[in-house]
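For reference, the structure is listed below as structure tokens.
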Amino acid sequence: MQPSIAFCSRCRGMEVAWNKRYIVHWLLCKQGLRNAARLAGLAFITVALLLAFPTPNASGLSGGNALQPIQEAGLQGSVALVSTAVRSMDTFLKLHQVREANRSRLAQSIVASARKYNLNAMLIASIMIVESRGNPFAISGKDSIGLMQIHLPTWGQAAERENYNLLKIEDNVDFGARILHNYVRQFGLWEGVKRYNGYFANNPVSEQSAEEYAAKVRRIFELQQAAISGDLASSLSQP
């Protein structure tokens, strides 16, 4: 409950709540000092109020406020982890000669999509390197488009319905990562990668093409895992 607003009954010079500030003012008011006999009693009241309403400190904060330093520390740790992963991804892309003009946005987009869809960021990047070498405007003869080479006859209507711009870096990476996530969840890691390439079961031509594709992706993925330092690989493998 909020305390009542009070005025000094002698000098009317202060509008405050019933708290320590008001009590101290009341005791020190020049008119109040005329009555020395009352002062001792007021001092006793003041001491009682100070003991009854101590100044809040860090250990006495409410539950929500007490958790704030912990929450802030967790947030800062998460931001630091993402920042490290983005720098690591930038290094990964640079090693594969992805153009500097797009590299920063690509690194951020890949890391964000990897966290969103619980994928290894280097796996997404390896697929992107095989598919387009980091060219956001790549268009294949099989009607696939953009960084992740989204197959328009298969996914074009879904992308349009959900307002994805497949020539935009962030949208293409996100949409491709979502497709990959669904395949990996359903078929496992490397079978999922083969499905991403358009593999159809019981089709020998499709099987051979998908196997070759998965081998290319896997070669980049595993070589880069070994090539970069342990800390970089760890930051990129965390979703």
For the range 113-161, enumerate the residues that are among the small types (Gly, Ala, Ser) and in a strand (DSSP E or B).
Ser144
Restricting to the range 179-218, and then to whatever is touching a helix residue (DSSP H, G or I) at 6+ places or on another chain (Cβ under 6 Å) and charged (D, E, K, R), can you tell me which residue is farthest from Val98 (Cα to Cα)?
Arg195
If I ask for residues that are more than 20 Å from His181 (Cα to Cα) and of a type in the set (Phe, Trp, Tyr), which ones from the range 97-141 would you list?
Phe137
Which listed residue, of Gln149, Gln186, Gln157, is modelled with pLDDT of 95 or more, closer than 18 Å to Ile124 by Cα and surrounded by fewer than 13 Cβ atoms within 10 Å (Cβ to Cβ)
Gln186
May I ask you to list the residues in the range 126-162 that are of a type in the set (Lys, Arg) and either closer than 17 Å to Asn197 by Cβ or touching a residue at least 12 places away in the same chain (Cβ under 8 Å) (or both)?
Arg133, Lys142
For the range 88-105, what are the residues that are touching a residue at least 40 places away in the same chain (Cβ under 8 Å), in a helix (DSSP H, G or I) and surrounded by fewer than 24 Cβ atoms within 10 Å (Cβ to Cβ)?
Ser88, Thr91, Leu93, Leu95, Asn102, Arg105
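The values are calculated or read from the model by the stated rules, or taken from the named source; none is laboratory data. Treat the numbers as computed from the prediction; the structure is a model and nothing was measured. Please note: Cβ atoms are built from the backbone with ideal geometry, for glycine as well, and neighbour counts cover all protein chains shown.
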